[in-house]
Every structure is written in structure tokens, then in C-alpha cells.
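I have placed the structure first, in the form of C-alpha cells, so that the comments after it can refer back to it.
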Amino acid sequence: KPVVAIVGRPNVGKSTLFNRLAGNRIAIVEDRPGVTRDRIYASSEWLTHQFHIIDTGGIEVGSEDEILFRIREQAELAIAEANAIIFVADGKEGVTPADQEVAQILFRSRKPVALAVNKVDNPDQINNIYSFYELGLGEPFAISAEHGTGIGDLLDQVMADIPEDFEETEYDEDVIRVALIGRPNVGKSSLVNAILGTDRVLVSPEAGTTRDAIDTPFSTEDQDYVLIDTAGMRKRGKVYETTEKYSVLRALRAIERCDVAVLVIDGEQGIIEQDKKIAGYALEAGRAMMIVVNKWDIVEKDDKTAHKFEQEVRKQFPFMAWAPILFVSAKTKQRVHRILEIVKQNAENHALRIQTAVLNSVIEDAVAMTPPPTDKGRRLRVLYTTQVAVKPPAFAIFVNDPELMHFSYERYLENKLRSAFGFEGTPMRMFIRQKSSK
Ligand code: GDP
């Protein structure tokens, strides 16, 4: 899906516009403890067009210089990430020098830009928009993000501007799509280079030569892979990965397109809030996952250090106890070759399909071993189970009454499936359904 970015000075109404376009269809909503809600990225649609929308906004206070710096940064982010840009200005304030500067940057990028003049709340303010022609971005659209007026015309323009040949690269089903995710400076780029640099890895000579190539396809003897969104990493051209918000945004984009997410943690610095946030996104998206603790060469260790670190990881990421952990050094290449082995295993488990008969015999055994809970004298009866999806594996468990299911019993059944079939490295989904009475 194409990406539309919203750019503009503080207080012009970017977030209001974002929320209006996103409606209730926020792609990633976080209600998990320890994960804050970040409304910067959402799915949206207009008529028959579906698109992603990103809010590049950020700082809302600061000196003129600082604002100018940030908004330049935003513009660069939008140019790099988006297929079309909505530039929002303030119709009440008129054209400002910062608007002019950003308009120039956007204009030079040759990305399609639609100019939205916001806060035109009633028809007699329409004259406010004419001065905005001087920005050289074409016809200004008078909108009121708050009241929702003018937005249809604006979106018509944005959609018309997205290049016809826009297409996200599709990969064959049997290609494993891997993304290295993590906050800045944990060593993602170094690991990408270390992985691609080993002699059992074959990177196609064309990789990275086309303008839009952001992924790196490569192969080992027995498997094809593609590293998602690695162009910047390989060239070390990380212009805008400076703030947390932007790095989270990049991670979101990569998570969306991958099968297996490799969460990279800095072994020297340990786990911080942002690591958990990024892991939460990958989990929400249902991706297979492994945790790589990097920079292990510079960690002072004794024979218990790895074990302690592992316990800390398990404590900090209690919701992904199934994710394998690997301690590596991109610098010395210690254990780097193991990453792809684990990724491959994770990907297989992520796509695993279990035969219904086998599935049901495992569940029946589990139920016989530990009988289901009762509630007010009524006992849960587990009738049958089917696998309804892969990537991640999802199971529908049909019962006499879903209200009688307890979280702990559901967890018990999940763990039985995990130990029977080895779903290491992948999340699982369990749906408890009422068996329709005949
Ligand atoms: P990214 O922002 O996650 O892509 O991180 P980089 O790959 O740019 O690495 C950030 C810094 O950490 C650079 O100075 C690297 O040289 C350094 N670095 C990366 N991996 C290792 C490692 O395994 N050991 C050590 N000692 N330094 C590392």
C-alpha cells in the first residue's frame, strides 16, 4: 500500500488531520502495559484506495531555529518514506518563512505534494488561501481538519498524484522475509553487513542497484531470504534515524513486511523501554521473532552473565517466552552464522500446519490430564479444535460455552500445543468459539 506523509509546522493541525484520516482504523493499537500508544502510523482508505498514513509531527515547542531544524528533518523523512506528501499550513497565520523553506525542500524532491491550508473553518475565510500559491506547490486546498471539510478534494488530489506504477515488491511464498529491528545504534547495520559478509551467503549482484530497492535479497545453499528495508543500513546513510519516533516508524514499516523479526538489543546497555515497544509491535503484528543480544564482545562476563541476561530478557518480555535468544557480536562475528539458522526454523514454525486429527488427539490428552475449569457448577467442555490460519498459527477451539474458559486454561492448552509441535519462535493465536447447537 502506498504511504502518505503529513508534514508541517507545529500547531498547524497535523495530528487532527491524521486522526481524521485514520478514523478508528489505527494499524497498531497498544494497550499492553509498558507500551505507550503512538498514533503515528495508521491504515486509511479513501473511496477504493487504501493507503498508510504517517504523521511526521513531533516537537510542538522550541525556538524558531529548533522548529526549523525539526521540520527539515520531517520533510526528509517524508521524502524518503512516502509515496505522496500532504503539506499542511495554517490559513489563519498565512505563509511563514518556515513554510517557504519546507516548500522548497519538498518541491526539489519531486515527490507529489498536496498543499492543505488548514483552519479554514467557514466559507468567508476562503480568501485566506490565495497567498499560498506563492509556495509554488500548486493549488492550495482549503480544509478544516477539525470540522472535516475540504478533505475529500484534498484526498482526490493525493490519490491522483500517486504514480500509477506504484507497487510494493512482492516475494515468493517460499522466500523468508527477515527484518532486523531495534533502536538506533544497537548494531543493526553492522549485523546486516556481518550476515551478508559470511561466505555461505550469496547476495545477488543486482541487489540495491535500482532506485527503489530498499530490500536485499540473498540466498544460502538451501534457502532464499530477503532482508527488509536494508538499503540505508548497508550504505550507512542514516540521515533521519535520529529521533526515537523516526526509528520506531522505520521499525513499523519493516515489521509490517516481514515474516521473521529479529529484535536486536544492545548487550552493553541492556533492555530499555523502546526495545519493549518495538517488540510489542512485532508481537501485535503476529510475526515470528528471535532476540539477538549484540555487542557481546564488549560485555564483561563470567560464566553466569549470559544466563543472567537471559533471565532479564525473559522478565522484560514475558509475553514472548517462546522467542529464542542468541548472544552475538557483529564485530567479531561470534555466533552470527546462527542467526539465519534460527530465523529459518522460526519461519518454518510460523508457517506450520497441523493435521486436524493429530491436533485433536493432543488437545484431548491435555484435557484428560488436567480437566477444564468449572464455573457456578458448570464445566467447560472442549469439543474440537481446528487450525484456522498460519503465519502465525491460529487455532479455533470449539467449546460448550466460551464464558467458561479461563485465561490460565487457555494458556495451558497453548503450552501443550507448543510442546507437542514445537512452535518455537512464533506467536500463536487461540480463538475460543461456541459450538453452534443443532
Ligand atoms: P544501528 O543504528 O542499529 O544500525 O547500529 P550500527 O550498526 O550503526 O552500530 C552502532 C555502533 O555500534 C557502531 O559504532 C558500531 O561499530 C558499533 N557496534 C555494532 N555492533 C557491535 C559489536 O558487536 N561489538 C562492538 N564492540 N561494537 C559494535
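Brief remarks follow.
- Where labels lie 7 Å past Cα in the beta-carbon direction, separation of Asp365 and Asn400 in nm: 2.5
- Helix 188-197 axis, angle to the chain major axis (alpha carbon atoms, nearest 10°): 60
- Relative exposure of Ser247, Ser219, Ser436, judged by other C-beta atoms within 10 Å (fewest first): Ser436, Ser219, Ser247
- Per residue, the average separation of C-alpha pairs within less than 8 Å and at least 6 apart gives the chain a relative contact order of 11 percent.
- Using only side-chain charges placed at the Cβ, +1 for Lys and Arg and -1 for Asp and Glu, the dipole size of the chain relative to its Cα centre rounds to 1680 debye.
- Gain in span if fully extended, Gln50 to Glu64, counting 0.36 nm per residue against the direct Cα distance: 1.4 nm
- Angle between the chain longest axis and helix 305-316 axis [Cα atoms, degrees, rounded to 10]: 70
- Each label was represented as a point 7 Å from its Cα along the Cα-to-Cβ direction; for Lys315 and Ser408 these points are 2.3 nm apart.
- Helix-derived mean residue ellipticity, 222 nm - over the chain, DSSP H n ≥ 4, -39500 (n - 2.57), to 500: -10500 deg cm²/dmol
- Of Lys333/Lys391; Lys188/Lys295; Lys391/Lys435, pairs whose Cα-Cα distance is over 20 Å: Lys333/Lys391; Lys391/Lys435
- Residues Phe69, Phe398, sorted so that the one with the fewest Cβ neighbours within 10 Å comes first: Phe69, Phe398
- In plain terms, the residue of Lys376, Lys188 with the fewest other Cβ atoms within 10 Å comes first and the most crowded comes last, giving Lys376, Lys188.
- Excluding same-chain neighbours fewer than eight residues apart, the aspartates and glutamates reachable from Lys331 by a Cα-Cα span under 14 Å are Asp266, Glu268, Asp297.
- Sorted peptide list for 385-391, 337-343, criterion being average Cβ within 10 angstrom, highest first: 337-343, 385-391
- Listed residues Thr370, Thr169, Leu21: farthest to the positive end of the dipole of the chain (Cβ charges): Thr370
- Stretch gain in nm, segment Glu268-Thr356, where the contour uses 0.36 nm per residue and the Cα spacing is subtracted: 27.1 nm
- A viscosity of 1.306 mPa s and a temperature of 10 °C, combined with the Kirkwood radius over C-alpha pairs in the Stokes-Einstein formula, give the stretch 176-349 a diffusion coefficient of 98 µm²/s.
- The charge dipole of the stretch 356-434, taken about the Cα centre with unit charges on the Cβ atoms of Lys, Arg (+1) and Asp, Glu (-1), comes to about 100 debye, rounded to the nearest 20.
- Taking the C-alpha atoms of the stretch 356-434, convex hull volume expressed per residue in Å³: 81
- Neighbourhood net charge (14 Å Cβ-Cβ; Lys/Arg +1, Asp/Glu -1) for Val336: +4
- Mean projected area in nm² (Cα convex hull; one quarter of hull surface) for the chain: 26.7
Where a number appears in this text, it was derived from the coordinates with a stated rule and is not lab data. Since the model is a prediction, treat every value here as computed from it, not as a measurement. Counting neighbours? That spans all protein chains shown, and the Cβs are built from the backbone with ideal geometry, glycine included.
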